Amino acid sequence: MIAEADAVDAITASDLIVLLVLDYGTAREVLDRVTGEDLAGRTIVGAMTGSSHDAIALAEYVHGRGGRYLDAALEMYPVNIGTREGLINFGGDLDAWDEWRALLDPLAGTSVFLGTDPALPAYADAALAGGFFNVAMGGFLEAASFATRVGLSLEDLRPFVRVALALLEDHLLNHAIPAIDSGDFSTDQATVAVYLRAVRIWREEMIAAGQRAGLMTANLHNLEIAESAGYGASAIYAEYLTSRA
């Protein structure tokens, strides 16, 4: 590890450079300060949150200056860096990944190389950190706001949260993913129609209590679309088929 007072000095003193700055524009500004052929042969890892277009543009810029590029999506909080709870998705130059994996792996408990397309980490970030984790967190906060408004305590929520997380892990890994992979959405458990009826009741309870129920309303909308498409008797995982515009 090399400590330098100036970013340019740090880059020119290293063969592997991990950029974790505000955004891709800032990363480009930092690299613009490195003159001449000083990026040639070096591996740049961009660990900023941004779009797939941002990642592709920075990769092309680095390649144009003779360097190699890996994009990295940090699927964790800063406190989780270097711990087994952390996950980083990488994408980009395969030779660079093979060369530097031993140094990059310890940054998180799990490191995944998604492929040679530098846009893949941004796609995974939008899907998993955004579409899944962030929405799930928002769902809990919406639920907690309603629960405490109608007289439940936060402590009352703890037992269900523990059970729900275990159920969710089981359903996603052992049922949802296999169903999507096989295309078989048959079930002898709760169907889309059953969920739809329940969600209508739950949403009415929330709204009657003075809640906005934004995520519950979006959930209702998705279930209505799935039922209208003919999947009322299917497992809820059939929503996968109607989620695309």
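Bear in mind these aren't lab numbers, they're just calculated from the coordinates by the rules spelled out. Note that the coordinates shown come from a computational prediction; the quantities given were computed from them, not determined experimentally. Positions of Cβ are generated from backbone atoms using ideal geometry, with glycine treated the same way; all protein chains shown enter the neighbour counts.
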Fill in the blank from the handout: Residues whose modelled amide H sits under 5 Å from the amide H of Thr187, counting only those 5 or more places away in sequence or on another chain, are Ala235
Handout entry: Amide H partners (placed H, <5 Å) of Tyr69, local residues excluded
Key = Ile44, Asp93
Problem - For the chain, alpha-carbon Rg over 2.2 N^0.38 Å - result: 1.27
Exercise for the section: Return the sequence-ordered ³J(HN,Hα) values of the stretch 231-245 in whole Hz as given by the Karplus equation 6.51 cos²θ - 1.76 cosθ + 1.60 applied to θ = phi - 60°, using x for Gly and Pro. Expected result: 9, x, 8, 9, 5, 4, 4, 5, 4, 3, 6, 10, 7, 8, 5
Exercise for the section: Using just the helices of the chain, give the 222 nm mean residue ellipticity in deg cm²/dmol: DSSP H runs with n ≥ 4 each add -39,500 (n - 2.57), and the total is spread over all residues, rounded to 500. Expected result: -14000 deg cm²/dmol
Practice task
Jot down the per residue volume, in cubic angstrom and as a whole number, of the convex hull over the alpha-carbon atoms of the stretch 19-127.
Solution key: 90
Practice task
Might you report the magnitude of the Cβ-based charge dipole of the chain about its Cα centre, with Lys and Arg at +1 and Asp and Glu at -1, to the nearest 20 debye?
Solution key: 880
Handout entry: At least 20 Å along the helix axis (C-alpha) and Kyte average at least 0.0, DSSP helices within the chain
Key = 135-149, 154-171, 192-208
Completion exercise
Computed over the chain, the relative contact order (Cα-Cα under 8 Å, seq sep at least six) in percent reads 12
Problem - Low-density loop positions, trypsin sites (Lys or Arg not before Pro), the stretch 182-241 - DSSP coil, at most 12 other Cβ in 10 Å - result: Arg212
Handout entry: Local electrostatic count, Gly230, Cβ distance below 13 Å [Lys/Arg +1, Asp/Glu -1]
Key = -3
Completion exercise
Distance in nm between Ala127 and Ser243 label points, each 7 Å along Cα→Cβ, equals 0.9
